Amino acid sequence: MAVAISGFIGVLVGALLVIISFNLRIRYEERKEKKRRLLEHKVKEIETLVLLNQKISEILQKRVILMDAYVSFDAFDDCYITIDDFAYLQSFAAQNSFYLPNYFLEEFFKKIGTRRVILSPDETVKIGGYTYKGGRVIMENFLDTLVEMVNERKSQIKNMTSEPLTYFSKSL
């Protein structure tokens with residue numbers, strides 16, 4: 001009888017150990033998956049910010065090439081954006097709104113929108129875009145903001161990857 005009781009107690013202790021270790025393993029896998037998803041999200045944010053940064057840089061570079069084609073009030077501060085590029089920026093912002101900081105984009109479009117030079121429809125069609133008085137400074141400031149955000153996201157990723165994931169940690 002003593003052997004049966006000790007065997008039964010051994011089975012209960014073994015089952016308890018299996019339950020505890022199984023629970024720890026499941027929690028570890030959940031934290032690991034959550035960390036992986038967070039890292040993927042941060043990487044996607046960085047990729048989206050870099051793409052937006054490249055597109056705005058391309059727009060600013062086109063300014064030099066198309067300088068003769070648009071109305072300019074101050075050769076240094078004015079900015080020319082083709083209708084296609086402006087539509088692309090707005091659609092890109094709308095499609096990737098989950099990964100982009102909406103406040104900064106809204107402020108950018110609000111600031112740049114108030115600086116548009118009013119031209120006749122014929123002139124707009126002729127040059128194929130809009131001129132923004134003082135828009136170059138706004139776009140360059142927005143580029144600087146994007147670069148800061150990319151660097152911030154990179155440091156967040158570095159901090160997230162340097163944290164070890166243990167079986168007994170409750171964070172993340």
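Before moving on, here are some points about what is shown:
- Neighbours of SER162, meaning other residues whose beta-carbon lies under 13 angstrom from its beta-carbon, give a summed charge of +2 when Lys and Arg score +1 and Asp and Glu score -1.
- Packing around the peptides 134-147, 2-15, 95-108, 29-42, taken as the average count of other Cβ atoms within 10 Å per residue, puts them in this order, highest first: 134-147, 95-108, 29-42, 2-15.
- Phi angles across the stretch 157-163 convert, under the Karplus curve 6.51 cos²θ - 1.76 cosθ + 1.60 with θ = phi - 60°, into 3J(HN,Hα) values of 5, 4, 5, 5, 6, 7, 6 Hz, Gly and Pro given as x.
- FRET E, pair ARG36, GLU107, Förster distance 35 Å, beta-carbon r, rounded to 0.05: 0.60
- Backbone phi angles across the stretch 14-31, fed through the Karplus curve with coefficients 6.51, -1.76 and 1.60 (θ = phi - 60°), yield HN-Hα couplings of x, 5, 5, 5, 5, 4, 5, 5, 5, 5, 4, 5, 5, 4, 4, 5, 5, 5 Hz in residue order; Gly and Pro are listed as x.
- Radius 13 Å from Cβ of ASP84, net charge of other residues (Lys, Arg +1; Asp, Glu -1): 0
Every number here is computed from the coordinates shown, using simple stated rules; none is lab data. All figures in this text were calculated on a predicted structure; none of them were measured in a lab. Ideal geometry is used to build each Cβ from the backbone, glycine not excepted, and the neighbour counts take in all protein chains shown.
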